[in-house]
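Each remark here refers to the structure printed beneath this line.
The values are calculated or read from the model by the stated rules, or taken from the named source; none is laboratory data. Keep in mind that what you see is a predicted model, and the values were worked out from it rather than measured. Backbone-built Cβ (ideal geometry, glycine too); neighbour counts: all protein chains shown. With ligands, DNA and RNA removed, areas are computed over all heavy atoms of the protein, side chains included. Shrake-Rupley method; radii C 1.70, N 1.55, O 1.52, S 1.80 Å.
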Amino acid sequence: MKRAAALVCAAVASTVYLCAPSQPARPTAGVQATAPGLAAPTQKELAQKIVASAENGTLDWRSAYGYVEDIGDGQGYTAGLIGFCTGTHDLLTLVERYSRDHPGNALARYLPALRRVDGTASHAGLDPGFPAAWRAESRVPAFRAAQDVERDRVYFAPAVHRGRVDGLGALGQFIYYDALVFHGPGAGPTSFDGIRARAMRQARTPAQGGKETDYLDAFLDARRRAMLTRHPGVDTSRVDTTQRRFLNEGNLGLRPPLRWQVYGETYRVP
C-alpha cells in the first residue's frame, strides 16, 4: 500500500491521550448546529475517503485495515485504517477492547509487549511476528469492525460533536476530524484542543456569533502552524491544497464534486 511520505500517527506520544465517549456525544444544550452534517452516511463515507488520500494515498479507505509498518516517526508500528500506533496508546486500547470480546485472537498474545512499549518507539516483544498477526487478524470481519468502532469513538464522533457545538457545518466538522487524526486529542499546543484554542483567540466560532469562514480560516492557520512546529518541513498539503481549497470555494457543506491535491497527487470525487 502506498503510504503518504509525511504521515505521522493518529495520536502522537507527546499528546495527553483522552478517552472519548463510547457513543457520539450530544451537542451542548442551547447550541444550534447544522444537522446532520458529517454524520450523514454519505458525508461520513466521503470523509473517510479524504482522510485516506492523506493517510494511505488512496480513496479506498477499506484497503487499510491490514496495513502495518514502522514509518520511522518515533511512534513504533503504525497500523490499520486510521494509523493506530504502538507508541501512542490507541493501538493498545484497540487490541485490549477487541480481546475482551475475542480472547483467542491472533493479537492477544502481544498484549503484554504492547503494554510495555506503549509511549515508545520500541518493537521489544513485537518482532518478528506482530505485523503478520495484525495482517491476519485484519482479515477477520470482527476486527475490521473493531477498527471502525475505535476510529469513531476516539476521532470521528468527538470531531462531529465538537464541530456541532461550535456551530460548524460538514466542512468544519471534517476539518476537526482530520486535525484529531493527525494531531491526536489533548490540550497541548500542537494537539487538537490547543489548536482550537489558538484559533478561538483569533476568531469567534459561529456558535459565538462569528462568521464560519473566518473561524475556519483561523483554525487552518493554527493547524498548519502546529504541523510545522511538531514536524519542521512536513508537507502541509492536506491543509493547503485540500481543506483550504474547499474553504476558498465556499463549500461549507462539503458537497461533491470535489477535487483536491495532497502530497503531489490529485484526487476527485464526482
Exercise. How many residues does the stretch 118-137 contain that are surrounded by fewer than 21 Cβ atoms within 10 Å (Cβ to Cβ), on the phi < 0 side of the Ramachandran plot and out of contact with any Asp or Glu (no Cβ under 9 Å at 6 or more places or on another chain)?
Worked result: 12
Exercise. Quick check, is T42 modelled with pLDDT under 95 and farther than 30 Å from A136 by Cβ?
Worked result: no
Exercise. Given T93, T86, T78, which one is of a type in the set (S, T, Y), open to solvent by less than 50 Å² (accessible area, probe 1.4 Å) and under 13 Å from E150 (Cβ atoms)?
Worked result: T93
For this session: Could you tell me which residue of the stretch 54-66 is modelled with the lowest pLDDT, considering only residues that are within 20 Å of V234 (Cβ to Cβ) and of a type outside the set (S, T, N, Q)?
Result: E55
For this session: Give the residues of the stretch 228-262 that are on the phi > 0 side of the Ramachandran plot and modelled with pLDDT under 95, sorted by residue number.
Result: G233
Problem set entry | V160 open to solvent by less than 10 Å² (accessible area, probe 1.4 Å) and within 27 Å of Y263 (Cβ to Cβ) | no
For this session: Quickly run through the stretch 99-113 and pick out the residues that are open to solvent by 10 Å² or more (accessible area, probe 1.4 Å) and assigned to a helix (DSSP H, G or I).
Result: S99, R100, D101, A108, R109, Y110, L111, P112
Exercise. Quick one: is A136 aliphatic (A, V, I, L, M), within 30 Å of R255 (Cα to Cα) and more than 17 Å from the chain's Cα centre (by Cα)?
Worked result: no
Exercise. Which one is nearest to E212 (Cα to Cα), of the residues in the stretch 237-254 that are open to solvent by 10 Å² or more (accessible area, probe 1.4 Å) and either free of Cβ contacts under 8 Å to residues at least 40 places away in the same chain or in contact with a strand residue (DSSP E or B) (Cβ under 7 Å, 6 or more places away or on another chain) (or both)?
Worked result: G250
Problem set entry | Those helices (runs of 4 or more DSSP H) lying entirely in the stretch 165-270 with at least 2 residues closer than 27 Å to D73 by Cβ, more than 17 Å from the chain's Cα centre (by Cα) and among the hydroxyl-bearing types (S, T, Y) | none
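Can you pull out the residues in the stretch 181-197 that are in contact (Cβ under 8 Å) with a residue 40 or more places away in the chain and either closer than 20 Å to E55 by Cα or surrounded by fewer than 19 Cβ atoms within 10 Å (Cβ to Cβ) (or both)?
Across the stretch 181-197, the qualifying residues are V181, F182, H183, G184, P185, A187, G188, P189, T190, S191.
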